[in-house]
1. Leaving out ligands and nucleic acids, note down the accessible area per residue over the chain with a 1.4 angstrom probe, in whole Å².
2. Note down the net charge around residue 141, summing +1 for each Lys or Arg and -1 for each Asp or Glu among other residues with Cβ under 15 Å from its Cβ.
3. Would you mind computing, in nm to one decimal, how far apart the modelled labels at residue 90 and residue 69 are, each placed 7 Å from Cα along Cα→Cβ?
4. Within the accessible area of the stretch 179-319, what % is carbon and sulfur when the probe is 1.4 Å and the other protein chains stay in place?
5. How far is helix 152-162 tilted, in degrees, relative to the longest principal axis of the Cα atoms in the chain, given as a value from 0 to 90 rounded to the nearest 10?
6. Please report, in Å, the Rg and the Dmax of the stretch 24-170, where both are computed over Cα atoms only.
7. Go ahead and estimate [θ] at 222 nm for the chain from helices alone: -39,500 (n - 2.57) per DSSP H run with n ≥ 4, summed, over the residue count, rounded to 500.
8. log10 I(q)/I(0), Debye, Cα-only the stretch 1-109, no solvent, q = 0.16 Å⁻¹?
Amino acid sequence: MRRRGRQPVDLRVAVGDVELANPVLCASGTAGYGAELGGVIDLAAPGAVIVKSLSAEPWPGNPAPRLHAVPAGMINSVGLQGPGVAAWATEHLPALQATGARVVASVWGRTVEEYQRAAELLAPHRSAVAALEVNLSCPNLEAGDHLFARSPAASAAVVAAAAAAQLPLWAKLSLSAPDVVAVAASVREAGAAAVTLVNTVPGMVIDVAERRPVLGAGGGGVSGPAIRPLAVRAIWDCHAALGDLPILGVGGVARGVDAVEMLMAGACAVQVGTATFASRRAPERVRAELEAWCRRRGVTSVRDLTGAAHRQASGGPPP
């Protein structure tokens, strides 16, 4: 007989119709545009690699400094610098595809039309891309610089426009929304196959010696373990209200047990982001620790963990 700790673990998961070999993904904005991490990790090993968000045209991003360490994480204001979709597809996608990585693209825009244009430029390359993550945490110039993610209607309009890519759509939401569950319901109605919870949380750090913000753009987005409880709560609330909507959890996943927590809250997969700045091998470590956790507890399929805390809270059996 096979000992309990030696039982194989089925790590395969599905995000809607997108099948993944395992539930640990590289988060957008932290793994580059292509195969930058290829010399450090096997890019075919994560469930997918989500590339840095791209706009329809090249974009220079924000002034330096762009990154600053904070307790239990970091704050950044990179400003979505990028080469544009067309240049990315020509100069970066082939090398990333050659690594065997499951590629997920990401797009952003300042108007609904800009999102649609980025999606249209991506459409000819859809055979090389598994899904499209739609970054909704961008200033909406049509609404006076309020984030798209703050409005269910604006978020839905963007997702509908991004359908031009002819790919499964994952809507990346923000805690800046007054009601993230309402936004999640709205994007699902507009055609999103899944939601990503959550993007960075707005913040600021002041250099008290210089009497000015440390980042060149002033404020920025806080990420890392400091925001994990906020992400877990958003995942919990959305799963409780919209149980059939696939959720990708992101925000402070640095260990296998962090992934377990997000899965139990209702996620079907997780993304590792800020942890890769401390260790480029963080996605590999999280996956290995998640598998080891499951083996120690006799969990034979990682899919059984999704929503497990909800079932336990309602009196159901533990996973």
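The values are calculated or read from the model by the stated rules, or taken from the named source; none is laboratory data. What you are looking at is a predicted structure, and each value in this text was computed from that prediction instead of being measured. As a convention, Cβ positions derive from the backbone with ideal geometry for all residues, glycine included, and neighbour counts pool all protein chains shown. We work out accessible area using only protein heavy atoms, side chains counted, and drop any ligands, DNA or RNA first. Shrake-Rupley method; radii C 1.70, N 1.55, O 1.52, S 1.80 Å.
1. 42
2. Around residue 141, the charge tally is -2.
3. Here the answer is 4.0 nm between the modelled labels.
4. Carbon and sulfur: 53 percent of the exposed surface of the stretch 179-319.
5. It works out to around 90 degrees.
6. That works out to 15.1, 43 Å for Rg and Dmax.
7. It comes out at -8500 deg cm²/dmol, rounded to the nearest 500.
8. -0.83
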